[in-house]
Amino acid sequence: MAHQVIWTKIIIETFIAEANLSKEEEMIIRTRAAGWPVSRQAMELNMSEATVHRMIKRLKHKYDEVQKHNVILPPRKKSAKELYMDTH
């Protein structure tokens, strides 16, 4: 998700507010935007890496739903190639 959306402070804060994220989900989204690997997130949150991956999957679904109703949030890019094509 970190590579599918260009995260800015406004986008992060809007998503957190609109999606009513839990503290754990908020921590995951902020650390993903900061570039933390899943292993570090799991260690900091005392969770397994599989749990962090499940939370990331849930966050992607929440983002897609919230994005439909909010003009500030850009649509997620579906692939790295699509992101590259938008910037080059």
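The values are calculated or read from the model by the stated rules, or taken from the named source; none is laboratory data. Being a predicted model, the structure only gives us computed values, none of them experimental. Glycine gets a Cβ as well: all are built from the backbone with ideal geometry, and neighbour counts include every protein chain shown. In case anyone asks, the SASA skips ligands and DNA or RNA and just uses the protein heavy atoms, side chains included. Shrake-Rupley method; radii C 1.70, N 1.55, O 1.52, S 1.80 Å.
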Task: Search result, residues across region 20-39 that are closer than 17 Å to residue 66 by Cα and hydroxyl-bearing (Ser, Thr, Tyr) - done: 22
- [ ] Of the numbered conditions (1) at pLDDT 95 or above; (2) in contact with a Phe, Trp or Tyr (Cβ under 7 Å, 6 or more places away or on another chain); (3) not polar (S, T, N, Q), residue 76 fails exactly one; give the number of that condition.
- [x] (1)
- [ ] Please go through region 11-32 and pick out each residue that is buried (at least 16 other Cβ atoms within 10 Å of the Cβ) and of a type in the set (Ser, Thr, Tyr).
- [x] 14, 31
TODO: Take region 26-39 and flag every residue that is in a helix (DSSP H, G or I) and not polar (S, T, N, Q).
DONE: 26, 27, 28, 29, 30, 32, 33, 38
Open item on the list: I need the full set of residues from region 27-58 which are among the charged types (D, E, K, R) and more than 23 Å from residue 14 (Cα to Cα), in order please.
Closed with: 40, 44, 49
Open item on the list: Which residue is nearest to residue 25 (Cα to Cα), if the candidates are limited to region 51-70 and must be assigned to a helix (DSSP H, G or I) and open to solvent by 50 Å² or more (accessible area, probe 1.4 Å)?
Closed with: 58
- [ ] Tell me, please, whether a residue that is within 16 Å of residue 57 (Cα to Cα), acidic (Asp, Glu) and either part of a loop (DSSP other than H, G, I, E, B) or out of contact with any Pro (no Cβ under 9 Å at 6 or more places or on another chain) (or both) can be found in region 10-25.
- [x] yes
